[in-house]
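Report on the following structure.
The values are calculated or read from the model by the stated rules, or taken from the named source; none is laboratory data. Predicted model, so just to flag it, every value in this text is computed and none were measured. Glycine gets a Cβ as well: all are built from the backbone with ideal geometry, and neighbour counts include every protein chain shown. Only protein heavy atoms, including side chains, enter the accessible area calculation; ligands, DNA and RNA are left aside. Shrake-Rupley method; radii C 1.70, N 1.55, O 1.52, S 1.80 Å.
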Amino acid sequence: MQIFLDEIESRTPAGIAAAIGRLIASGRLAPGDRLPTVREFATLLGVSPATISHAWQALGSVGLIVSRGRSGTFVLDAAPKWLPARSQSMAGRHQNARIDLSRGTPDPQLLPALGPALSRVSQRAVTPTYQDLPVIPELLAVLTDSWPYPVESITVVDGALDAISRSLDAVTRFGDRVIVESPGFPPFFDLLDQLGLERVPVDVDRHGITPSSFQTALKLGPTAVIVQPRAQNPTGASMTAARAEQLARLLSAHKRNADTVVIEDDHSGEISISPDVSLGRWLPDRVLHVRSFSKSHGPDLRIAALGGPAALVDPIVARRMLGPGWTSRMLQTILYDLLTSRESVDEISEARRIYFARQKSLTEALRRHGLDLTQADGVNAWLPVNDERDAIVQLAASGIRVAGGSPFFATDSAQSFIRVTAGALPDEVEPIAEALAATTWGAAEPGQGPMPGVHSLEGRWA
């Protein structure tokens, strides 16, 4: 019991939950350890059982503990073991939260209705030959017209990660170096680890990869670069054309980088408020551009387009013919309908407007509490906090779930952040902003502005 008395500084539900969270994070409480009963703990601390119950609920909501009825309450394993390492740390085993801002997924209510598109799909899954074109011609025409630069070849695959994985398989070998954004998307890091590829992290600001960091990383002779040009996950940064051109020039400056391939993950293009941009405009022979429709049209469609030079795309198509073969042409027909139907186009346009409005509301509310951040693009926002674990538990005690920032860094970082799915915010954002600001570094009391001695955090992520 002494371990709890030594750690707990505040005997409120949030303070108790934060202390237990620190004990679990440090390993002083291990998975499977049994916690005292609610009444035992209440007696020890001299608080009401209701106070302990609220603390337990907060810890359970972020997947740190679990109640097993009469057997007691136990520290929980992080996540299902079939998930990759960083995905495990992101997932946990969550109970329901009053407001879940942790998932990074689109608002289901803002996805276009599938009914009209499904009604126009053939009633039979007919394919005349296994060697038929992997992309239906009408969808190919729409994709080609909307591509950010003239492209030789476009194919369709089963989602953005499938495209990234197949691109890496085609252009890298075991032990190669790959430039990744840090913070960046955790599954990219897991994928590189599984392929035996070395991560080379680069910094990110509000316009994407920083040129100075990129220039330094290029000296290591990377085989590939993975970049998110718009609505970068987790920061919500979007690259400008000027920044893209600058990075392209750096890639072209030295012979040692002549064969480096850029893999672009445009995962939120249809709901991004930023102009379409690609390094392929300047380096068309060295860019594989991925356009996913999960955020805009539905994660379960599992469909993305992959375009680039035929010399890179055709081998990917050929290898895929020896596996899944092609992405269901029925799904392709549904996507074509969603991309061309006036009703669906209007629904996506409205979703884009709403996501922008939610990001704006959050940014303005946080500024009122002294946290000066650049408004993010897409569905996610990236907030600095005093302590990641404490912030997660403290917010959970208020019924708000967010994602911890640690898995988003390519290497260990001394900085603490949380990722907030701003796209899932309810209409009333002020109480949420107040709770978020209470955990953040540099926040002031409402109306006071930034704290003395703290510069504006605008554009500061790296």
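Listing for the model above:
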quantity: Answer from L279, L283 - the residue that is closer than 25 Å to T223 by Cα and in contact with an Asp or Glu (Cβ under 9 Å, 6 or more places away or on another chain); calculated: L279
quantity: Conditions (1) open to solvent by less than 10 Å² (accessible area, probe 1.4 Å); (2) within 21 Å of S146 (Cβ to Cβ): number failed by P284; calculated: (1)
quantity: Strands (runs of 3 or more DSSP E) enclosed by the range 124-228 - at least 2 residues per element that are of a type outside the set (V, I, T); calculated: 177-181, 198-202
quantity: Where V66 falls short, out of the listed (1) closer than 21 Å to R329 by Cα; (2) at pLDDT below 85; calculated: (1)
quantity: Verdict on G175 being farther than 30 Å from T333 by Cβ, out of contact with any Ser or Thr (no Cβ under 6 Å at 6 or more places or on another chain) and open to solvent by less than 30 Å² (accessible area, probe 1.4 Å); calculated: no
quantity: The range 273-300 residues that are within 19 Å of M330 (Cβ to Cβ), paired with ones that are part of a strand (DSSP E or B) and open to solvent by less than 10 Å² (accessible area, probe 1.4 Å) (beta carbon under 9 Å, 6 or more apart); calculated: S292/D265; S292/D266; S292/A304; S292/A305; F293/A304; F293/A305; S294/A304
quantity: The range 32-57 - residue that is modelled with pLDDT of 85 or more and in a loop (DSSP other than H, G, I, E, B) and, of those, nearest to Q194 (Cα to Cα); calculated: D33
quantity: Output for the range 137-172, where each listed residue is open to solvent by less than 40 Å² (accessible area, probe 1.4 Å), polar (S, T, N, Q) and closer than 26 Å to V379 by Cβ; calculated: S165, S167
quantity: Output for the range 383-393, where each listed residue is touching a helix residue (DSSP H, G or I) at 6+ places or on another chain (Cβ under 8 Å) and either surrounded by 24 or more Cβ atoms within 10 Å (Cβ to Cβ) or of a type in the set (A, V, I, L, M, F, W, C) (or both); calculated: L383, V385, I392, V393
quantity: Per-region count, the range 399-421, residues surrounded by fewer than 24 Cβ atoms within 10 Å (Cβ to Cβ) and more than 15 Å from R98 (Cα to Cα); calculated: 12
quantity: Residue check for G378: part of a loop (DSSP other than H, G, I, E, B) and in contact with a Gly (Cβ under 6 Å, 6 or more places away or on another chain); calculated: yes
quantity: The range 139-151 residues that are on the phi < 0 side of the Ramachandran plot, paired with ones that are part of a helix (DSSP H, G or I) and of a type outside the set (A, V, I, L, M, F, W, C) (beta carbon under 6 Å, 6 or more apart); calculated: L139/Q332; L139/Y336; Y149/G280; Y149/R281
quantity: Candidates A217, A258 - the one that is farther than 26 Å from I354 by Cβ, at pLDDT below 95 and either more than 21 Å from the chain's Cα centre (by Cα) or not β-branched (V, I, T) (or both); calculated: A258
quantity: Residues that are assigned to a helix (DSSP H, G or I) and in contact (Cβ under 8 Å) with a residue 24 or more places away in the chain, drawn from the range 58-70; calculated: A58, L59, G60, S61
quantity: Residue check for A55: closer than 19 Å to S102 by Cα and either open to solvent by less than 10 Å² (accessible area, probe 1.4 Å) or out of contact with any strand residue (DSSP E or B) (no Cβ under 8 Å at 6 or more places or on another chain) (or both); calculated: no
quantity: Hits in the range 394-414 (condition: modelled with pLDDT of 85 or more, in contact with a helix residue (DSSP H, G or I) (Cβ under 7 Å, 6 or more places away or on another chain) and over 17 Å from L425 (Cα atoms)); calculated: Q394, G404, G405, S406, P407, F408, A410
quantity: Whichever residue in the range 22-47 is within 20 Å of R389 (Cα to Cα) and crowded, with 16+ Cβ neighbours inside 10 Å and, among such residues, is nearest to the chain's Cα centre (by Cα); calculated: A25
quantity: Residue tally, condition out of contact with any helix residue (DSSP H, G or I) (no Cβ under 6 Å at 6 or more places or on another chain) and surrounded by fewer than 21 Cβ atoms within 10 Å (Cβ to Cβ), over the range 302-316; calculated: 5
